Amino acid sequence: MPERHATEPLPTPAPRIARLSGARVSLGPWEAPDLAAFAALNADTETMRWFPSVLDRRQSDDAAHRMAHELQTRGWGLWAARLDDGAFIGFVGLAIPKFEARFTPTVEIAWRLGRHFWGHGYATEAARLALDHAFGELALPEVVALTATGNERSRRVMDRLGMTRDPADDFDHPALTIDSPLRRHVLYRIRRPDRLDKTTESAERSPERKDTR
């Protein structure tokens with residue numbers, strides 16, 4: 001993908017981009033007015049506490065362009081998240097990790113909301129919309145989520161989504177330096193409900209299961 005510049009307009013939303021709506025939050029394509037609000041979010045030290053650094057305006061705009069381009073290409077991705085009054089609050093959605101780890105390739109669910117929108121359940125509501133799309137329209141077998149070990153706020157959202165963590169899955173993020181305090185990450189998983197049912201059924205029918213009657 002060619003480098004994007006902050007002065008370039010966002011791509012025109014394609015008809016195939018999925019638009020998801022909930023009771024209070026909707027997920028859809030990025031729009032030009034979102035860029036300023038996104039830049040403010042990315043420049044806030046508290047919002048970016050669990051990321052390597054804050055972003056300047058150029059970096060923030062480039063990130064928004066990348067997300068908009070991936071939505072344009074796939075029809076799904078990291079959507080712009082809005083309240084029912086149209087206010088931009090951040091992004092929520094699905095992404096393919098660009099690094100290699102023992103659990104990749106996979107699809108992760110991710111979110112980043114402005115600090116003023118924390119504590120209202122918006123991240124959980126929007127993430128459920130994304131998961132419904134992942135397991136319904138996309139028929140993915142599993143979705144993961146990852147964050148720095150100390151990010152308890154995001155981990156509580158993962159718990160509320162019904163995701164589970166196996167400490168054996170914890171890993172050092174390869175994109176972070178060895179001495180970074182954020183390097184150690186936790187991994188949460190959630191399987192498509194019908195896949196979970198089949199896994200349980202298969203275990204119950206396993207030949208290793210002894211009949212003790």
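No value in this document is a laboratory result; all are computed from the given coordinates. All of these numbers come straight from a predicted model, not from anything done at the bench. A quick note on method: Cβ atoms are made from the backbone with ideal geometry, for glycine too, and the neighbour counts reach across all protein chains shown.
Give, rounded to the nearest 20 debye, the magnitude of the charge dipole that region 20-204 has about its Cα centre when Lys and Arg contribute +1 at Cβ and Asp and Glu contribute -1 at Cβ.
Result for region 20-204 is approximately 200 debye, rounded to the nearest 20.
Can you work out ³J(HN,Hα) from phi for every residue in region 42-48, in order, using Karplus 6.51 cos²θ - 1.76 cosθ + 1.60 and θ = phi - 60°, giving whole Hz and x for Gly and Pro?
6, 8, 7, 5, 6, 4, 9
Going by average Cβ density within 10 Å per residue, which order do the peptides 162-170, 59-67, 81-89 take, highest to lowest?
With the highest mean Cβ count within 10 Å placed first, the list reads 59-67, 81-89, 162-170.
Rounded to a whole number, what is D in µm²/s for region 20-204 from Stokes-Einstein with the Kirkwood radius over alpha-carbon pairs (10 °C, 1.306 mPa s)?
D = 93 µm²/s.
Which peptide among 177-186, 134-143 comes first, and what is the full order, when sorted by highest mean count of other Cβ atoms within 10 Å?
Result, highest mean Cβ count within 10 Å first: 134-143, 177-186.
Give me the extension gain from residue 184 to residue 166: residue separation times 0.36 nm, minus the current Cα-Cα distance, reported in nm with one decimal.
Fully extending the segment from residue 184 to residue 166 adds 5.1 nm.
Once you charge only the Cβ atoms, +1 for Lys and Arg and -1 for Asp and Glu, what is the size of the charge dipole of region 15-86 about its Cα centre, to the nearest 20 debye?
Using only the charged Cβ atoms, the result is roughly 280 debye.
For region 90-141, what does the alpha-carbon gyration tensor say about shape, rounded, prolate or oblate, given a ≥ b ≥ c as the root eigenvalues, a/c under 1.5 as rounded, and a/b over b/c as prolate?
Taking the square roots of the gyration eigenvalues as a ≥ b ≥ c, region 90-141 is oblate.
Percent antiparallel among DSSP beta bridges with both residues in region 74-156, to the nearest 5?
Roughly 90 percent of the DSSP beta bridges within region 74-156 come out antiparallel.
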